[in-house]
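S.K.: Next up is a structure, given as structure tokens.
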Amino acid sequence: MNMNSIQKSFVAIGLFLVASAVSAKDLNSKFQLLPLPQKVEVFSDNGLRGCDLSFIVTEGELAMPVLGPLTGCLPQFRNAGKGIVMRLTDKGTPESEEGYLLEVGKNGVTISSRASAGLFYGCQTLEQLMEDSRDFNLVIPQMRITDYPQIGYRAVHFDNKHHLDRTEYYYRTIDKLASYKINAVIWEIDDKLRFTRHAEIGAPNALSKQEVRAISRYAKERNIEITPLVQGLGHAGYILKHHWELRENPASDWEFCPSNPATYDLQFDLYKDALEAMPDGKYLHIGGDEITAIGIDERCKATGKTPFELQMEWLKKVCDFALANGRTPIFWDDMPIKYAGLWGFVNSSGLTDEELEIGWNTEKLDEAIELFPKDCIYMRWRYDDPTSASHCLLLDWYQKKGLKVMAATAAATGGSSFMPRNNSRAQYIKDFSALVAQNGLSGILATAWDDGAPHMETVMRGFVAQGEYGWNTQGRSIDEFIAAHAQREFALSYRHMDFLRELEQSAFFFDNALITSGSRNPAWGVKKTFVLLGMPDADMPGDWSEKYADRIQGAVAEKDRYERIEAGIKEALAHSRRNRYTLEVYRQTNRMFYYPAQVILALEAYDKANTDAERKQAVLELEDVCRDFSRMRADFENVYSQTRFMQNPAGYIADHNHHNHLAALTDNSDWWFLYELPMTRKINEWVGSMER
């Protein structure tokens, strides 16, 4: 389906195709069910409207699943009207416990499944049908939907390394994820859990175990299991800033010493607390990635073991703990690949057949195979294109060795501060989901790293993409998904969301517009020293503009882009029926992204002024731009703080921040404006010096 046909479908939204049997895509050109069902058969357009349904009941002693806002307001007893009947049966229903059969007739709806999870998902699909029927005055046709997931474990990632959201926001997010048939969350809670066995680890504003357990129970009722991710051997700054005695390197809080017995006493205590807070999952994610120093302290040297052996010895011990406590361990898989000398090869794309043959050497992995715990799940993370031949060779190696593998793609990476780029990374999510289904992997996780702490609302479209492609890996194209997302989330057409593609592009200019050297890339290390753009010299008019001609050209383009985005968001807000808060987050992000362009264009106006009067006017405009920064920041924080805390609490102890994550630079929100704050001060001081 091309974009013209998608857009036309909204113009003719009230007209429904009559057919004996149509594809799921044909149905979704009107109703945009998300995720895309596996099979849809439409028998007649003479069906019913969502508002015609007057009751919802279950057959027998079956408990009513958690319902959405439209089905949940219906009376739960039979009356003479058209109703919804739910039943458990293995006759004609998909074998998956999450599968369902949804049948719409003239006189009502029947939802059948083999398990309560399937009934829950059938209700979620019906909610979407009813929602579109209401929003677009559509008749729900007489039809049968046969639906089930292609991937059994479909998870997203909560990462709280550098921020904490308000408790009520986690409940709202769980509701949304469940509606898109996400069935798991891996929660990297870091120091935002109030550990009871080691109270010193938890931040002053940490969630209690009781609060997290309540969120976990709420999620379970909506068919989402929450698993803790408690970073182990590395990424341990939040622990080792308190426990210097357990460090591998006394100068770094990054790694535990794997040869110190006290390491395991502490880690196991933290695991126990996390499992008590999140008691409903089947996994324990123990981390174990990105180790930079191992085998360097005296305890490790005394063992005579290699770094590879020490890493895998730690893995064996923590896996044994997880299994003894009824959990299957999950382990990031990068370190064994690095020790085997294959990391660069596995992450390469576009290799020739000769390069593949020469580079693929698994001798070290094969020799160490007995070190790999067999009851562990190895999480194969790849955040860009997972379909490269070298990467597929690694997946094949795992399969041949009989090791269990789970995939980790990304809805937000550490390298994209403030908001994800590239259509919310949907293509990578789709491609890895297809590989998971093709290779029979244990599931998929869409990570959302907190290195640059983007707002969850800017990440959400990536999470929804994981719901889409984790359920139906061969479903829509990316453009079709974007159209479905627009309708489902906002009751908008594809064209109403054009601004989001532009907003992703504007982030690239914002990244480094105000500096000539430095970096605020949170994945590769933020440089704390940087050089800002210089100021114009009134005695050398035009020189500044010539020197920074590329920035001026970019700023002109960004001014036009900002105005298009602002107009698009304004129109979307006017037409949307739901989730306006998401649009407000986008709006404030757009204002933030535009500020560097405002500064550059105002400086250009001063530099090109020909008279004292023109220069005076340019100075007034510069001062107004600087004042606008304060207004922009206040509005930005007002919107963002509706769902998240914008600063660390009093008494918070920062870790050494080995990776120099952007979001860990300050205890307040100054890190969002790493270059904009000092540039504003620099301009104000420069203007002040002219006045003196």
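The values are calculated or read from the model by the stated rules, or taken from the named source; none is laboratory data. Owing to the predicted nature of the structure, the values given are computational and were not obtained by experimental measurement. All Cβ positions, glycine included, derive from the backbone under ideal geometry; neighbour counts span all protein chains shown. With ligands, DNA and RNA removed, areas are computed over all heavy atoms of the protein, side chains included. Shrake-Rupley method; radii C 1.70, N 1.55, O 1.52, S 1.80 Å.
S.K.: Got a number for residues in the range 659-692 being over 18 Å from Phe418 (Cβ atoms), open to solvent by 30 Å² or more (accessible area, probe 1.4 Å) and touching a residue at least 24 places away in the same chain (Cβ under 8 Å)?
M.R.: 4
S.K.: A follow-up question, please. Please go through (1) closer than 25 Å to Pro204 by Cβ; (2) surrounded by fewer than 20 Cβ atoms within 10 Å (Cβ to Cβ) for Leu620 and return the number of the only condition it doesn't satisfy.
M.R.: It is condition (1) that Leu620 fails.
S.K.: Which residues, counting only those in the range 627-658, are basic (Lys, Arg) and loosely packed, with under 12 Cβ neighbours inside 10 Å?
M.R.: Arg631, the sole residue that qualifies.
S.K.: Next up: Right, Leu492: assigned to a helix (DSSP H, G or I), touching a residue at least 40 places away in the same chain (Cβ under 8 Å) and not polar (S, T, N, Q) or not?
M.R.: It is false that Leu492 is assigned to a helix (DSSP H, G or I), touching a residue at least 40 places away in the same chain (Cβ under 8 Å) and not polar (S, T, N, Q).
S.K.: Separate question: Which condition breaks for Pro536 when tested against (1) open to solvent by 20 Å² or more (accessible area, probe 1.4 Å); (2) over 33 Å from the mean Cα position of the chain (by Cα)?
M.R.: The single condition Pro536 does not satisfy is (1).
S.K.: Considering Arg197, Arg217, which residue is farther than 17 Å from Tyr271 by Cα and out of contact with any Gly (no Cβ under 6 Å at 6 or more places or on another chain)?
M.R.: So the residue among Arg197, Arg217 that is farther than 17 Å from Tyr271 by Cα and out of contact with any Gly (no Cβ under 6 Å at 6 or more places or on another chain) is Arg217.
S.K.: Would you check which residues across the range 593-616 are of a type outside the set (A, V, I, L, M, F, W, C) and within 46 Å of the chain's Cα centre (by Cα) and list them?
M.R.: Tyr594, Tyr595, Pro596, Gln598, Glu604, Tyr606, Asp607, Lys608
S.K.: Just for the range 94-106: of the residues that are part of a loop (DSSP other than H, G, I, E, B) and touching a residue at least 40 places away in the same chain (Cβ under 8 Å), which one is nearest to Ile224 (Cα to Cα)?
M.R.: The qualifying residue nearest to Ile224 (Cα to Cα) is Glu98.
S.K.: So which residues in the range 522-552 are part of a loop (DSSP other than H, G, I, E, B), among the hydrophobic types (A, V, I, L, M, F, W, C) and either farther than 21 Å from Thr611 by Cα or touching a residue at least 60 places away in the same chain (Cβ under 8 Å) (or both)?
M.R.: Ala523, Trp524, Val526, Phe530, Leu533, Met535, Ala538
Yes or no, residue by residue, for (1) over 21 Å from Glu584 (Cα atoms); (2) surrounded by fewer than 24 Cβ atoms within 10 Å (Cβ to Cβ):
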| site | (1), (2) |
| --- | --- |
| Ala411 | no, no |
| Val436 | yes, no |
| Phe490 | no, yes |
| Tyr494 | no, yes |
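S.K.: While we're looking at this one, here's another question. Looking at Ser433, Ser390 in this structure, which one is touching a Phe, Trp or Tyr at 6+ places or on another chain (Cβ under 9 Å), of a type in the set (Ser, Thr, Tyr) and closer than 15 Å to Tyr469 by Cα?
M.R.: Going through Ser433, Ser390 in turn, just one is touching a Phe, Trp or Tyr at 6+ places or on another chain (Cβ under 9 Å), of a type in the set (Ser, Thr, Tyr) and closer than 15 Å to Tyr469 by Cα: Ser433.
S.K.: Residue by residue through the range 260-313, note down the ones that are of a type in the set (A, V, I, L, M), assigned to a loop (DSSP other than H, G, I, E, B) and either surrounded by fewer than 23 Cβ atoms within 10 Å (Cβ to Cβ) or out of contact with any Ser or Thr (no Cβ under 6 Å at 6 or more places or on another chain) (or both).
M.R.: Correct list: Ile286, Ile291, Ala293, Ile294, Ile296.
S.K.: Anything in the range 603-620 that is part of a helix (DSSP H, G or I), in contact with a helix residue (DSSP H, G or I) (Cβ under 8 Å, 6 or more places away or on another chain) and either basic (Lys, Arg) or in contact (Cβ under 8 Å) with a residue 40 or more places away in the chain (or both)? List them, or say none.
M.R.: Hits for the range 603-620 are Leu603, Glu604, Tyr606, Asp607, Arg615, Val619.
S.K.: I'd like to check which helices (runs of 4 or more DSSP H) are fully inside the range 336-398 and have at least 1 residues that are closer than 26 Å to Lys316 by Cα and without any contact (Cβ under 8 Å) to a residue 60 or more places away in the chain.
M.R.: Result: 343-346, 363-367.
S.K.: Which condition from (1) part of a helix (DSSP H, G or I); (2) touching a residue at least 12 places away in the same chain (Cβ under 8 Å) is the one that Ala634 breaks?
M.R.: (2)
S.K.: Give the number of residues within the range 44-101 that are of a type outside the set (Gly, Ala, Ser) and open to solvent by less than 30 Å² (accessible area, probe 1.4 Å).
M.R.: Total meeting the criteria: 16.
S.K.: Quick one: what pairs do we get from the range 505-519, first residue touching a residue at least 60 places away in the same chain (Cβ under 8 Å) and among the basic types (Lys, Arg), second in a helix (DSSP H, G or I) and open to solvent by 20 Å² or more (accessible area, probe 1.4 Å), C-beta under 7 Å, 6+ apart or different chains?
M.R.: Between residues of the range 505-519 that are touching a residue at least 60 places away in the same chain (Cβ under 8 Å) and among the basic types (Lys, Arg) and residues that are in a helix (DSSP H, G or I) and open to solvent by 20 Å² or more (accessible area, probe 1.4 Å), there is no close pair.
S.K.: Now for a different question. Which condition does Leu445 not pass, out of (1) in contact with a helix residue (DSSP H, G or I) (Cβ under 8 Å, 6 or more places away or on another chain); (2) among the hydrophobic types (A, V, I, L, M, F, W, C); (3) not in a loop (DSSP other than H, G, I, E, B), if it passes all the others?
M.R.: (1)
S.K.: Could you please find all residues in the range 496-521 being part of a loop (DSSP other than H, G, I, E, B) and open to solvent by 10 Å² or more (accessible area, probe 1.4 Å)?
M.R.: Once the filter is applied, which keeps residues that are part of a loop (DSSP other than H, G, I, E, B) and open to solvent by 10 Å² or more (accessible area, probe 1.4 Å), the range 496-521 yields Gly518, Ser519, Asn521.
S.K.: Output the number of residues of the range 48-69 satisfying the condition of being within 14 Å of Val109 (Cα to Cα) and assigned to a loop (DSSP other than H, G, I, E, B).
M.R.: 2
S.K.: Mind counting the residues in the range 539-579 that are farther than 30 Å from Glu131 by Cα and open to solvent by 40 Å² or more (accessible area, probe 1.4 Å)?
M.R.: Going through the range 539-579 one residue at a time, the tally reaches 17.
Table: residues versus (1) open to solvent by less than 10 Å² (accessible area, probe 1.4 Å); (2) modelled with pLDDT of 95 or more.
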residue: Asp375; (1), (2): no, yes
residue: Arg421; (1), (2): no, no
residue: Ala426; (1), (2): yes, yes
residue: Ile429; (1), (2): yes, yes
